[in-house]
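See structure below.
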Amino acid sequence: MIRRFSLYLATAAMLVISAPALAGPPGPPPVNPARVAEPKEGEPKKVTGKVQIEILCVRATNTTSNVDPKLQGIMQHLRILKYKGFDLIDEHDSEVSSGHDVSFDIEGGRKLQVELLDVNDVQAKIRMRMFSGKGSSPTLDTTVSVHRNRAFIVAGPKMEGDDVLILPVRVKY
Amino acid sequence: MGMTRLEDWLRRIAEDGDAAAVDAARALLRTDERIPEELRYVLDDPEDRPGAADALLFLLGEGESLVAEAIRAEAGSAMDDDLTANPIEGVPVADAVRAEAGTTRISGAWLADAIPVDEAIRAEAGLVDVADAVAGALGFGIPMVQGALRWGAGAVDVAEAVVGAGPPVAAAVRASAGRVEIAASVLVKVGVDVPPVSHAVRDAAGTVAVADVVMAGIVGADLPEGWMAGVLDRELPDAVHVKAASRIAASSLLGAELTGLASAGTRLRAAVEAGAGTVSLWDGVAKSIGIADPEAVTGWDGAAVRAAVLDEAGSVDVVRRVMAKVRRSSAAPSERPEPRPANSAYWVAAAVAVAATILIVFGFSGIERMPSPGRPAPDMGAPGMVFAKADEIRVDDLNYADDATVQVIQEDGADAAMIIWVDEGKTL
């Protein structure tokens, strides 16, 4: 009898304690560094402050079919590149404010410069230039408007052998 | 005796040169046993078919030899004057042979056993029955003349008569030539003078280069080398085969030699088969032609073939298929139930449950299930990356270096990502 009572007590405690969690979402999110300006009716809201630029450096190869476990979440997008093996060789993460740029040194002596042109509560507009290190003019100079917290991929710079560099880029705010 | 169909056809050919009769005559000739086998194909030669037909008729006992008629027509009854007036030195045939053979006097004794003049002249002139007379007049061997006369005249032994040029020879010629009234006078002069015979032969045979034929007979050049084997193997042309067969028929020595030659091949073949047995000759042949390894095949590489097959077929996993066929003979042993611990504390279970509940509750705040606008995505590394769909991203501007190529690729599907592909060092 005591045994049963103990079991019932434990179960009741579990239900009581977990009720708030099962009932709804958790508490307020962490502090958002980007303060949202008061928007006009129907227009995206301007965002001031800094955004976080996150870049992964992935080596794609056909000499092996090993896939870095850290890349499992994005493999569905990497498979279309017709490579067998993927290795996460570096990660870059930096904050940038609107009107400013940040540079990242990536494999092969290259440099990736990201300038935040504009940002609102829907999307961020960034200008990305990739320098191969051989000259002052960039190999790639593109301006992309990407939704908040979404990523895209820059790929193709060559590495040793027939390997190529894949750079998933995400703007977080 | 009545005429048979073959004789009719032959007479048409002999008298009229009837070409239509040739085919019929040839067909009948092939199966007529009265004709020697070697003569059954003489009509196949289009040259002088009338002469051949006439000769065949003579063999069949029908008609008269053209030569006999020619002799009678030419010689008539007034040949004595001609015969006496023309010594042997002036005989055209003798002169022709002498001109061909040179100044060498060919003695009859030397040529007695070897010169088939009768066959040669007969083959050229078409069974000229007086060939022996001509040959004798020219001073050739007596036995041949004897044989020829015997062949032409039947079983008349006129050898002595030929030598002595006496009346028996005349009788033989008469028997051969038919109603040759001047046979006696002609044959009297056989040893001295033969102008009528020469004329007769020439008239019957046409422009026969007797000298050539005689000379060919003298040196044996009328038949090709190895002619006897050619007779056995049927490799000789028809005309040559007839000539060779005639020569063999006339000589018992040649016949015996031919028989021995025919059987030699059989004996040789049997000996080789008995000796060789079932021996494979390839090894010896291969070595003789320079192949060191008779079993080797140039260009064949078994290892390369195996590697190519393996590369094409790939690895074959037989484990699954084998295990599917494997029958287990006994059931797997089931686990024995664990004994219940005697010192279990239910409080411990309750406490663990409570702790787990607390962990789950406070752990929710660290898990982001559905990111939404206004809330930053949790920093989860690559697994946390959400790629912009087609309506969530836009390329506003794109520039690249002259030595590079850039393509913007948009995946298909609900979770499609945009890829900006940069191909360095390559231009379109």
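Overview of results
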{"item": "Check on A:Ser103, of a type in the set (S, T, N, Q) and in contact with a strand residue (DSSP E or B) (Cβ under 8 Å, 6 or more places away or on another chain)", "result": "yes"}
{"item": "Selection from segment A:79-109 of residues that are open to solvent by less than 50 Å² (accessible area, probe 1.4 Å) and facing chain B (nearest Cβ under 9 Å)", "result": "A:Leu81, A:Leu88"}
{"item": "Matching residues, segment B:402-423, being touching a strand residue (DSSP E or B) at 6+ places or on another chain (Cβ under 6 Å) and either free of Cβ contacts under 8 Å to residues at least 24 places away in the same chain or within 13 Å of A:Lys158 (Cβ to Cβ) (or both)", "result": "B:Ala404, B:Thr405, B:Val406, B:Gln407, B:Val408, B:Ile409, B:Gln410, B:Ile419, B:Trp421, B:Val422, B:Asp423"}
{"item": "Single unsatisfied condition, B:Ala353 versus (1) closer than 30 Å to A:Leu167 by Cβ; (2) at pLDDT 75 or above", "result": "(1)"}
{"item": "Sole exception among (1) open to solvent by less than 50 Å² (accessible area, probe 1.4 Å); (2) modelled with pLDDT under 75; (3) under 29 Å from B:Ala249 (Cα atoms) for B:Leu57, by number", "result": "(2)"}
{"item": "Subset of segment A:44-87 that is within 21 Å of A:His100 (Cβ to Cβ) and part of a strand (DSSP E or B) - its residue that is nearest to the chain's Cα centre (by Cα)", "result": "A:Glu54"}
{"item": "Any hit, segment B:241-253, residues being part of a loop (DSSP other than H, G, I, E, B), over 30 Å from B:Asp54 (Cβ atoms), modelled with pLDDT of 75 or more and open to solvent by 60 Å² or more (accessible area, probe 1.4 Å)", "result": "no"}
{"item": "Residues (closer than 16 Å to A:Ser132 by Cα and open to solvent by less than 20 Å² (accessible area, probe 1.4 Å)) located in segment B:402-419", "result": "B:Ala404, B:Thr405, B:Val406"}
{"item": "Residue match in segment B:394-407 (condition: modelled with pLDDT of 75 or more, outside any loop (DSSP other than H, G, I, E, B) and under 14 Å from A:His77 (Cα atoms))", "result": "no"}
{"item": "Test for B:Leu57: is it over 18 Å from B:His241 (Cα atoms), part of a helix (DSSP H, G or I) and of a type in the set (A, V, I, L, M, F, W, C)", "result": "yes"}
{"item": "Selection count where residues are in contact (Cβ under 8 Å) with a residue 40 or more places away in the chain, more than 7 Å from chain B (Cβ to nearest Cβ) and either open to solvent by less than 10 Å² (accessible area, probe 1.4 Å) or of a type outside the set (Asp, Glu) (or both), scope segment A:128-173", "result": "9"}
{"item": "Residues being in contact (Cβ under 8 Å) with a residue 24 or more places away in the chain and in contact with a Ser or Thr (Cβ under 9 Å, 6 or more places away or on another chain) - total across segment B:29-56", "result": "6"}
{"item": "Hits in segment A:60-78 (condition: open to solvent by 60 Å² or more (accessible area, probe 1.4 Å) and in contact (Cβ under 8 Å) with a residue 24 or more places away in the chain)", "result": "A:Asn62, A:Thr63"}
{"item": "Condition check for B:Ile420: part of a strand (DSSP E or B), at the interface with chain A (Cβ under 9 Å from one of its Cβ atoms), touching a helix residue (DSSP H, G or I) at 6+ places or on another chain (Cβ under 9 Å) and at pLDDT 80 or above", "result": "no"}
{"item": "Selection within segment B:221-240 - touching a residue at least 60 places away in the same chain (Cβ under 8 Å) and outside any helix (DSSP H, G or I)", "result": "B:Asp222"}
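The values are calculated or read from the model by the stated rules, or taken from the named source; none is laboratory data. Here the structure is a predicted model, which means the values were calculated and not measured. All Cβ positions, even for glycine, are placed from backbone atoms using ideal geometry, and neighbour counts span all protein chains on display. Areas reflect the complete protein model, heavy atoms only, side chains present, ligands, DNA and RNA absent. Shrake-Rupley method; radii C 1.70, N 1.55, O 1.52, S 1.80 Å.
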